[in-house]
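One structure, as structure tokens, below. Some questions next.
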There are 2 protein chains.
Amino acid sequence: VTGGTGFVGRPACALLTAAGHQVHALGSRDADLRDPARARALVRDLAPSHILHLAWIADPDRFWTDPENLAWVRGTTGLIEGCLEAGGVRFVGAGSCAERLEPPTLYGASKAAVRALLEGSGLSWAWGRIFHLYGPHEHPKKVVAMVIRSLLHGQEAPATSGEQVRDFLHVEDVARAFVAALERPLVGAFDIGSGQAVPLKHVLERAAQAAGRPELLRLGALPARAGDPPRLVPDSTRLREELGWRPRFSLEEGLADAVAWWRAHAA
Amino acid sequence: VTGGTGFVGRPACALLTAAGHQVHALGSRDADLRDPARARALVRDLAPSHILHLAWIADPDRFWTDPENLAWVRGTTGLIEGCLEAGGVRFVGAGSCAERLEPPTLYGASKAAVRALLEGSGLSWAWGRIFHLYGPHEHPKKVVAMVIRSLLHGQEAPATSGEQVRDFLHVEDVARAFVAALERPLVGAFDIGSGQAVPLKHVLERAAQAAGRPELLRLGALPARAGDPPRLVPDSTRLREELGWRPRFSLEEGLADAVAWWRAHAA
């Protein structure tokens, strides 16, 4: 599991270990996977039966346009080369709803480029497109984490009007989707979502209720982000029907879990 | 011009030089452009106003599936990085009709991946999809060159039945399309073709007539290639309307030119 110490990688490794798999979690300190020769050698040396490739540039301030996205494309070609040399390795990668945005960002384009390469690679591959998520260890600059943390600190939480429709999942349910894709032979891309999209303001209102301070949420205090689409929603058909995935958390349960985690860790 | 000593690069450089541009033609001996750091440094050192990126694995026996395609994706990301750093560089690349084939080959997927990256890069970019071509310096394993050479040697030329519909251009007209894309501000992908698709057998019959030995052409002597689509045809609308391109050669004139060249060089 590359990115095995990251937001999705952490629960993915926990689920895989709990299911009895032998897991090698790679974090950024273990190897620079942006170096294709290093990535290729790593596949040769570890000889995995499956690769879950989650590592990528993740800094919310930079990832949309940073040229480092190109380095992650390169590193991923090294993983693909390693798999082609080893033979028989199943490759599951993390895509993004950004692949659907027009005009594309460098991030979305880089994810789409890797998906195209996998499609032509001849490998057994799957590509789970992550849409929206929240949960333990979320980056504090992401909207759900930001609102929960502010409220737990007794501070106002300014937000946009929140009319944009999204499908939010607890990160553990996202991880569960990747585990299902590792364990089943599905080939191709699939979206990761509950199938129940709601306006963002519903998510934030429920988060505020779970945090016990609904009066501190300031919907409409921030302007809408330029280019933020009014509706960005996954098609969960393949995930449910071909991978047999079901979410463990309802939105209320998931947000309550996130609030409990931030309460214990926000300090 | 990367691949500046190659099949399309050679006439492209000649046309650019004739048009008064200062041209730096890079061949495989000048630099290994599969190395992204080398490619990036080259853009920095040469500081071009425009890049025409034609270099890629071209061996007809290998290019469809060879993992070296991944190295060309990597090298191209280095060129893109160099352009992003330099700013203001116009980037024109060579795509392929293979981007249209299903299921995709690693070659077609790699070309599609680069196109996706350009789309997200923010550069001024164009992407000319090469379909079918012939002419001086063609690889002797390609069908038109093979037929012409066999006939000029007085040998039989076995071919498929040639029912598959294709749009063949003289390589100089393909090069002219890339020159037009360098000189105009069109952004995005365009197909390179005459707009007049014909069954392959018509092309081979005319080539055989131009070579003066039509009786040696053996249409139907070879089985159809597995996966060869019955129709693979460019849409030349953007090329003609937005780039103002017109072919210089009719099919008869172009094939006559190719035969004359092979007569002088086949030895």
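List the helices (runs of 4 or more DSSP H) that sit entirely inside segment A:44-159 and contain at least 1 residues that are within 14 Å of chain B (Cβ to nearest Cβ).
A:68-86, A:106-121
Would you check which residues across segment A:7-43 are in contact (Cβ under 8 Å) with a residue 24 or more places away in the chain, of a type in the set (A, V, I, L, M, F, W, C) and either touching an Asp or Glu at 6+ places or on another chain (Cβ under 7 Å) or assigned to a loop (DSSP other than H, G, I, E, B) (or both) and list them?
The answer is A:Phe7, A:Val8, A:Ala19, A:Ala25, A:Leu33.
Against the definition (buried (at least 23 other Cβ atoms within 10 Å of the Cβ), farther than 16 Å from B:Leu200 by Cβ and in contact with a helix residue (DSSP H, G or I) (Cβ under 9 Å, 6 or more places away or on another chain)), how does B:Gly120 come out, yes or no?
Details: buried (at least 23 other Cβ atoms within 10 Å of the Cβ): yes; farther than 16 Å from B:Leu200 by Cβ: yes; in contact with a helix residue (DSSP H, G or I) (Cβ under 9 Å, 6 or more places away or on another chain): yes.
Yes: the conditions hold for B:Gly120.
Here's another thing I want to ask about it. Kindly provide the set of residues from segment B:33-43 that are within 14 Å of another protein chain (Cβ to nearest Cβ) and over 24 Å from B:Lys142 (Cβ atoms), ordered by number.
Answer for segment B:33-43, where residues must be within 14 Å of another protein chain (Cβ to nearest Cβ) and over 24 Å from B:Lys142 (Cβ atoms): B:Asp35, B:Pro36, B:Ala37, B:Arg38, B:Ala39, B:Arg40, B:Val43.
Kindly check whether there is at least one residue in segment B:58-65 that is open to solvent by less than 10 Å² (accessible area, probe 1.4 Å), within 20 Å of the chain's Cα centre (by Cα) and closer than 24 Å to A:Trp72 by Cα. First the steps, then the outcome.
Quick first cut of segment B:58-65, residues open to solvent by less than 10 Å² (accessible area, probe 1.4 Å) only: none.
Among the residues of segment B:58-65, not one is open to solvent by less than 10 Å² (accessible area, probe 1.4 Å), within 20 Å of the chain's Cα centre (by Cα) and closer than 24 Å to A:Trp72 by Cα, which makes the answer no.
Hey, another quick one. Restricting to segment B:26-47, count the residues that are surrounded by fewer than 19 Cβ atoms within 10 Å (Cβ to Cβ) and either closer than 25 Å to B:Pro185 by Cβ or touching a strand residue (DSSP E or B) at 6+ places or on another chain (Cβ under 8 Å) (or both).
Our first condition is that a residue be surrounded by fewer than 19 Cβ atoms within 10 Å (Cβ to Cβ); within segment B:26-47, this holds for B:27-32, B:35, B:37-38, B:41, B:44-47.
Checking the rest, the ones that are also either closer than 25 Å to B:Pro185 by Cβ or touching a strand residue (DSSP E or B) at 6+ places or on another chain (Cβ under 8 Å) (or both) come to B:44, B:46-47.
Adding up the residues that qualify gives 3.
For segment B:173-197, how many residues are open to solvent by less than 20 Å² (accessible area, probe 1.4 Å) and in contact (Cβ under 8 Å) with a residue 60 or more places away in the chain? Working first, answer last.
Pass one, segment B:173-197, residues open to solvent by less than 20 Å² (accessible area, probe 1.4 Å): B:173-175, B:177-182, B:186, B:188, B:190-194.
Restricting the remaining residues to those that are in contact (Cβ under 8 Å) with a residue 60 or more places away in the chain gives B:173-175, B:177-182, B:186, B:188, B:190-193.
Residues flagged as open to solvent by less than 20 Å² (accessible area, probe 1.4 Å) and in contact (Cβ under 8 Å) with a residue 60 or more places away in the chain within segment B:173-197 amount to 15.
Of all residues in segment B:141-172, count the ones that are free of Cβ contacts under 8 Å to residues at least 40 places away in the same chain and either open to solvent by less than 40 Å² (accessible area, probe 1.4 Å) or among the basic types (Lys, Arg) (or both). Steps first, answer last, please.
So in segment B:141-172, the residues free of Cβ contacts under 8 Å to residues at least 40 places away in the same chain come out as B:146.
Then keep just the ones that are either open to solvent by less than 40 Å² (accessible area, probe 1.4 Å) or among the basic types (Lys, Arg) (or both); that gives none.
The total comes to 0.
Next question. What number of residues within segment B:189-237 satisfy the criterion of being more than 17 Å from the chain's Cα centre (by Cα) and either in a helix (DSSP H, G or I) or closer than 23 Å to B:Val92 by Cα (or both)?
Residues meeting the conditions: 15.
While we're here: Applying the selection to segment B:168-185, what residues are of a type in the set (A, V, I, L, M, F, W, C) and in contact with a Lys or Arg (Cβ under 7 Å, 6 or more places away or on another chain)?
B:Leu182
The values are calculated or read from the model by the stated rules, or taken from the named source; none is laboratory data. For clarity, every value in this text was computed on a predicted model and none was experimentally measured. Counting neighbours? That spans all protein chains shown, and the Cβs are built from the backbone with ideal geometry, glycine included. We work out accessible area using only protein heavy atoms, side chains counted, and drop any ligands, DNA or RNA first. Shrake-Rupley method; radii C 1.70, N 1.55, O 1.52, S 1.80 Å.
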